């Protein structure tokens, strides 16, 4: 906690020092979440390059693509002549090359839900839009608070939050554990994580675990390009194989589609709201 | 008993055998003699039926080899290869019992008769004491004797041996020669022995077929065929051929390159 | 040890394994007829979660172990395994293609991935078979081995390429599949796997003595009356079907195909008439055992079973190698 505050303070100090100079006009962002943050602040026009996995907002369709976490296309990136590149803190090779090319970069670290608004503010300060960023972050915080309030006092159902499995069958299920931003969203939305006792971000789930732990609600998240052509009815019917599970018996299995569930940016509010609606239908 | 007629064979573009014809009378020991690369091993495989000739045919007691099933051939002809390498840890007894394969049905297991035959052939080759040992742990000479026992277990009329003494030391060579002679005397087995060792052939075989570059140079009784002229034609070596009274067979002494 | 001893071991393990798990269940309640199945949690854990898992492990373990025995004899190489000729990675490529490119479908309760996976294994088999059948005088084990190694590398590169081109979430799902999972959860995939396994079984029944003879060399086998070309083809097809069925059911699980045959040979000798059936039985028991450890050792978490087989199989295999070279 203390370490994080120190790091944040140093980051902000550096950023302020840097921003005393000209704010960057040609920004490349390799992180979809940060791209969304920049658009939310109203500075989307300053983006000249985004990652290959960006889908939102629609304006990104006309921006050049430069790869992603595993495969950044350095040539394409450099050809865009950026004056700021936002990279993952694990992309060491890329940062070394940017240093050699004397291009400033900003290191993004993927953390939990509470850190998203911190990141919004930090990015905003770095690109010289501190005020707009602050507004965005403050709105996100108050919206999340509102969601939390709206479900306060209601019973919290034991929830299995699935973020991956084989299509058409209950094999190779991956679910959220008691840690990480999916868990945080579930928590705000008023759900009790079935795997709260396992402090990992993801848990390889078997049919025995599900039958033994008996979740009241099952929520499956679907995202990415393949989610567009989804036969929801057929996929839901796969859960009929476990009839003793309360969620199946009471028809409380939901499939939620959308990238907002896996992009830790401003749309996390929409995602949390949708989770809350599934957990606590009015 | 075995008749080889006009056999020709080529590996792809390389001709190995050209129009080879000879006969192996029943109960005789015939030597196939020739330098390395003359086609002896290929000829042996064709006689055993494991390699189909491009032209010509092989008959066993008048029956073409190609018309017989693999099992039927195996009941008439047994082969002792130059080397036997066992991938897995078979015992000597395992190896010999495998020789009973052509006599057993698809799912039949070896019975007491088969085991009796195995014991018998191990005895005949002087390897009964080695029965429980792992084949891979034997010496070269012991291995060859076990493989010969395995071939005998096939209870075939003819035995084909490919360079039986090639990788053996002198003592083991004499042992094999003595063993084959004794087997021939006791069982009357027809034998075809492929070798490039002239003295071994002279000690064992009553008839010789000399092969050079895939063609028969000469064939006939050992005494008639094994002459200095033929040795020179076969090996490009000037040699003396002399009957050795102590060894009681012809011996060849190389003198110089011809 | 005799075959019946191995059979008894497998029967004991099969009876015990579904009873044990990370959750305590009451057997009386699981088999109680008074509670309807839809409400009976103990029954569902037993019949949906554990029993298909044990049966699946038995089939996969038997299939891979038997395939290992046959490949080792066919290639005359004690280090050969079901993975050697590329059939296993062909199955993996099929699965990855399904995960990444195919729309979700299911036929009779079996989803796209196992179907595509098995198709992939058949494709690899077709290539290897074509390679070997091109020679009219039967397969050279060197050619087969070389061809298999090259095919494995090539298919491995294709696998990596597909993963690279797919988006991040699909890559994660393929990595997950490649870890292997015995949590079958239903019976249709097991029944589907039984078809190629049964065909393989017919082939296996014809082979054992021929494998003994073939391991001495193709000429030696032919000279003793083995139809070598036919035996090689039956061996290749049976072992490949067996491997393809196993991998498409549970993903690639290593070490069983290599370790179990050698373990069994240490116990029963080299005669394939004993080694082949004993390996199938022991392989089944071994994998059920490894899966039991995988799902209970770190409860509530489950280890991928491939880790357990490797952690037991790896050191054992090294010890075996040292023993051989001394």
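Number of residues in the stretch B:137-169 that are within 12 Å of chain C (Cβ to nearest Cβ), buried (at least 24 other Cβ atoms within 10 Å of the Cβ) and part of a loop (DSSP other than H, G, I, E, B) equals 1. May I ask you to verify whether residue A:216 is closer than 28 Å to residue C:167 by Cα and more than 10 Å from chain C (Cβ to nearest Cβ)? Here the answer is no, as residue A:216 does not meet what is asked. Within the stretch B:51-67, the only residue that satisfies the criterion of being facing chain C (nearest Cβ under 10 Å) and without any contact (Cβ under 8 Å) to a residue 24 or more places away in the chain is B:52.
In this structure, does residue B:41 turn out to be part of a loop (DSSP other than H, G, I, E, B) and either out of contact with any helix residue (DSSP H, G or I) (no Cβ under 6 Å at 6 or more places or on another chain) or more than 18 Å from residue B:206 (Cβ to Cβ) (or both)? It is false that residue B:41 is part of a loop (DSSP other than H, G, I, E, B) and either out of contact with any helix residue (DSSP H, G or I) (no Cβ under 6 Å at 6 or more places or on another chain) or more than 18 Å from residue B:206 (Cβ to Cβ) (or both).
Quick one: in the stretch B:44-60, which of the residues that are assigned to a strand (DSSP E or B) and in contact with a helix residue (DSSP H, G or I) (Cβ under 6 Å, 6 or more places away or on another chain) is farthest from residue B:227 (Cα to Cα)? My answer is B:60. Quick check on my filter: what residues within the stretch C:186-221 are part of a loop (DSSP other than H, G, I, E, B), within 19 Å of the chain's Cα centre (by Cα) and surrounded by fewer than 23 Cβ atoms within 10 Å (Cβ to Cβ)? Listed by number, the residues that qualify are C:186, C:187. Looking at C:293, C:288, C:253, just one residue is without any contact (Cβ under 8 Å) to a residue 24 or more places away in the chain, within 17 Å of residue C:55 (Cα to Cα) and more than 14 Å from chain B (Cβ to nearest Cβ), and that residue is C:293. Count of the stretch A:190-200 residues, restricted to those that are away from chain C (no Cβ under 12 Å) and either touching a strand residue (DSSP E or B) at 6+ places or on another chain (Cβ under 9 Å) or part of a strand (DSSP E or B) (or both), is 3. Taking the stretch C:20-83 and the helices (runs of 4 or more DSSP H) fully enclosed by it, the elements with 3 or more residues that are more than 30 Å from residue C:3 (Cβ to Cβ) are at C:27-30, C:41-44. Filtering the stretch C:290-307 to residues that are surrounded by 20 or more Cβ atoms within 10 Å (Cβ to Cβ) and over 15 Å from the mean Cα position of the chain (by Cα) leaves C:292, C:294, C:295, C:302.
Of A:186, A:170, A:182, A:160, all but one fail to be within 14 Å of chain C (Cβ to nearest Cβ), assigned to a helix (DSSP H, G or I) and within 26 Å of residue A:234 (Cα to Cα); the exception is A:182. Of the residues C:62, C:49, the single one that is within 30 Å of residue C:221 (Cβ to Cβ) and modelled with pLDDT of 90 or more is C:62. The residues listed here are C:122, C:79, C:74, C:59; of these, the one that is within 19 Å of the chain's Cα centre (by Cα), more than 14 Å from chain A (Cβ to nearest Cβ) and under 18 Å from residue C:191 (Cα atoms) is C:59.
Selection within the stretch A:219-249: residues that are part of a loop (DSSP other than H, G, I, E, B) and farther than 23 Å from residue C:109 by Cα. The member of this set that is farthest from the other protein chains (Cβ to nearest Cβ) is A:223. Among the residues of the stretch B:102-121, those identified as assigned to a helix (DSSP H, G or I), without any contact (Cβ under 8 Å) to a residue 40 or more places away in the chain and under 16 Å from residue B:78 (Cα atoms) are B:117, B:118, B:121.
Filtering C:103, C:114 for residues that are at pLDDT below 90 and either touching a helix residue (DSSP H, G or I) at 6+ places or on another chain (Cβ under 6 Å) or assigned to a loop (DSSP other than H, G, I, E, B) (or both) leaves a single hit, C:103. Evaluated against (1) within 14 Å of chain C (Cβ to nearest Cβ); (2) surrounded by fewer than 20 Cβ atoms within 10 Å (Cβ to Cβ); (3) touching a helix residue (DSSP H, G or I) at 6+ places or on another chain (Cβ under 8 Å); (4) closer than 25 Å to residue C:24 by Cβ, residue A:177 falls short on exactly one condition, (2). From the list C:155, C:178, C:146, the lone residue that is at pLDDT 90 or above and more than 14 Å from chain A (Cβ to nearest Cβ) is C:155. Of the candidates B:95, B:117, the single residue that is out of contact with any strand residue (DSSP E or B) (no Cβ under 7 Å at 6 or more places or on another chain) and facing chain C (nearest Cβ under 9 Å) is B:95. Taken together, the criteria exclude residue A:145 from residues that are surrounded by fewer than 22 Cβ atoms within 10 Å (Cβ to Cβ) and within 13 Å of chain C (Cβ to nearest Cβ).
Of the numbered criteria (1) surrounded by 16 or more Cβ atoms within 10 Å (Cβ to Cβ); (2) over 19 Å from residue A:269 (Cβ atoms); (3) not assigned by TED's automatic domain parsing to the domain that holds residue A:264, the one residue A:162 fails is (3).
The values are calculated or read from the model by the stated rules, or taken from the named source; none is laboratory data. What you are looking at is a predicted structure, and each value in this text was computed from that prediction instead of being measured. Glycine gets a Cβ as well: all are built from the backbone with ideal geometry, and neighbour counts include every protein chain shown.
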